[in-house]
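Here's the structure we're looking at; comments come further down.
The values are calculated or read from the model by the stated rules, or taken from the named source; none is laboratory data. Every value quoted in this text rests on a predicted model; they were computed, and no experiment measured them. Glycine also receives a Cβ, built like all others from the backbone with ideal geometry; neighbour counts cover every protein chain displayed. Accessible surface is based on the protein model in full, side chains and every heavy atom, while ligands, DNA and RNA are left aside. Shrake-Rupley method; radii C 1.70, N 1.55, O 1.52, S 1.80 Å.
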Amino acid sequence: MGAKGLEDGRNTFKDQNALRDLTVLGIETSCDETACAIVRGSGPGPGTILANIVFSQLEAHRPYGGVVPEIAARAHVERLDDIVAEALAEAKLTLADMDAVAATAGPGLIGGVMVGLTTAKALALAAGKPLIAVNHLEAHALTARLTEGVEFPFLLLLISGGHCQLLGVEGVGKFRLYGTTIDDAVGEAFDKVAKLLQLPYPGGPRIEQLAATGNPKAYALPRPLRGREGADFSFSGLKTAVRLIADAGDVRPADLAASFQQAVVDILTDRTAAAMARFHAEFPDAKAPALVLAGGVAANGAIRSALGSLASREGFQTKIPPPRLCTDNAAMVAWAGVEHGQLGLFDALGVSPKARWPLAGTPARGEGRRAG
Ligand code: KG4
Ligand code: ZN
């Protein structure tokens, strides 16, 4: 992974930077958002977002009911230069004012990751600044430090269209994988169920809206892996059960949406409770540690409130970054750059983009489909 490390020269940089605020430009292109942000700060945060530009390609992908990799890569190429210029203008800064340039280097759709990382390399080279290759999942994980200065260690529940993981976050680059999906990501399940109910993409928000008027007990649906050892997730059996009901006809959409959402809430609550027990056992000294929710699905009100109640019962404080920082953005990438830069962790210009890049443990089937 390039020149990451703490050799002598880097230790000097580390010492110089350890206590100083760093200003980092970040680029995110791993899925269907083209984004650039500039963030200033130092760990544990909170940091200051000086610019945060996100261009969503949603309209380009909507007709296909999901993200089309080729369309995404082309759209990143078309928009990224302007978005970088817009971010610098909004922050009233130039590249010369940056301490480093950071970009998502994976996991994600490889065409898009290549566009962002190559652009970051060119900017770093042209301005004589160090490069930081950021793991997109780590960027999601560290966002609660950018927004609230959350201390290590904390428990992270990352729930998005591409990922569903429970991680113990001990420090920058230090993760313990407690659970991951063995099939679909939770957002993917929302999107597929929405499609079955003929709702437009992305389906999560529509399902939530519809569920508000339905009866969550109307349909009996399975809760795969509930009560099982470990903290892994599975959603494909739930999705299939919904499909069988939808195929049988004469469906009450609001009741089915509410029953599906309730099943998801029950699964997430059960698996998170298991991860909390493990976290308490592994970090007995952590007093009132944070449960951080990240990813687009964390916007769901029913999920937020169920996990919030679980957290207060189990001695955790719930921290949920605001929605625009829960979904894909470049401020989280720039912030991950700040935290890496303070530790003297930089990358060589030859660093490669990666479609798969698990934070910890072995990736399960279904992970890495696209960026979280
Ligand atoms: O993190 P994100 O913006 O993008 C990636 O997955 O990369 O997450 C998008 C996912 C979609 O699957 C979407 O349906 C889901 O988050 N989502 C929701 C809600 N808002 C977005 N799922 C359930 N309830 C919501 N309110
Ligand atoms: Zn993401």
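Numbers for the structure displayed
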| quantity | calculated |
| --- | --- |
| Tail beyond 21 Å, pair distance distribution of region 231-326 (Cα, percent) | 43 |
| Mean Cα-pair separation over length for region 199-264, i.e. relative contact order, pairs under 8 Å, 6 or more apart, % | 53 |
| 5 angstrom amide H check on Q317, placed H, neighbours 5+ away | A290, L291 |
| C-alpha long axis of helix 253-282 to longest principal axis of the chain, angle in ° | 50 |
| Qualifying trypsin sites (Lys or Arg not before Pro) for region 291-364 [loop in DSSP, other Cβ within 10 Å: at most 15] | R356 |
| Placed amide H near V150: partners under 5 Å, 5+ positions off or other chain | R145 |
| Å² of accessible area per residue within the chain, as computed with a 1.4 Å probe and no ligands counted | 39 |
| Cut-off 11 Å, label 7 Å out along Cα→Cβ of E314, residues of region 264-291 by amide N | 268-281, 291 |
| Neighbourhood net charge (12 Å Cβ-Cβ; Lys/Arg +1, Asp/Glu -1) for T318 | +1 |
| ³J(HN,Hα), Karplus 6.51/-1.76/1.60, whole Hz, each residue of region 93-99, x for Gly, Pro | 9, 10, 4, 4, 7, 7, 8 |
| ³J(HN,Hα) computed for each position of region 191-198 - Karplus, 6.51 cos²θ - 1.76 cosθ + 1.60, integer Hz, glycine/proline x | 5, 5, 5, 4, 4, 4, 8, 6 |
| Gain in span if fully extended, I110 to S236, counting 0.36 nm per residue against the direct Cα distance | 42.8 nm |
| Calculated P(r) of the chain - Cα pairs past 25 Å, % | 53 |
| Cα-Cα P(r), region 152-325, percent of pairs per 5 Å interval | 1, 9, 18, 22, 19, 14, 8, 5, 2, 1, 0 |
| Extension gain from A273 to L125, taking 0.36 nm per residue of separation minus the Cα-Cα distance | 48.6 nm |
| Rel. contact order, % - alpha carbon contacts under 8 angstrom, at least six apart, region 152-325 | 26 |
| Inter-label distance, nm, simple model (7 Å from Cα along the C-beta direction), A288/E59 | 4.6 |
| Stretch gain in nm, segment E229-S352, where the contour uses 0.36 nm per residue and the Cα spacing is subtracted | 40.6 nm |
| Gaussian network model of the chain, Cα within-10 Å springs - most flexible of A220, A302, A263 | A220 |
| Degrees separating the helix 8-17 axis from the principal Cα axis of the chain, which is the longest one | 80 |
| Packing-based order for 33-46, 199-212, using average beta carbon neighbours within 10 Å, highest first | 33-46, 199-212 |
| Top of G108, G249, G162 by mean-square fluctuation, Gaussian network on the chain, Cα under 10 Å | G249 |
| Simple spin-label estimate for T94 and D250 in nanometres, 7 Å along Cα-Cβ | 7.3 |
| Angle between the chain longest axis and helix 331-342 axis [Cα atoms, degrees, rounded to 10] | 50 |
| Peptides 183-190, 265-272, 109-116 ordered by average Cβ neighbours within 10 Å, highest first | 183-190, 109-116, 265-272 |
| Relative contact order (%) - the chain, alpha-carbon pairs under 8 angstrom, separation at least six | 28 |
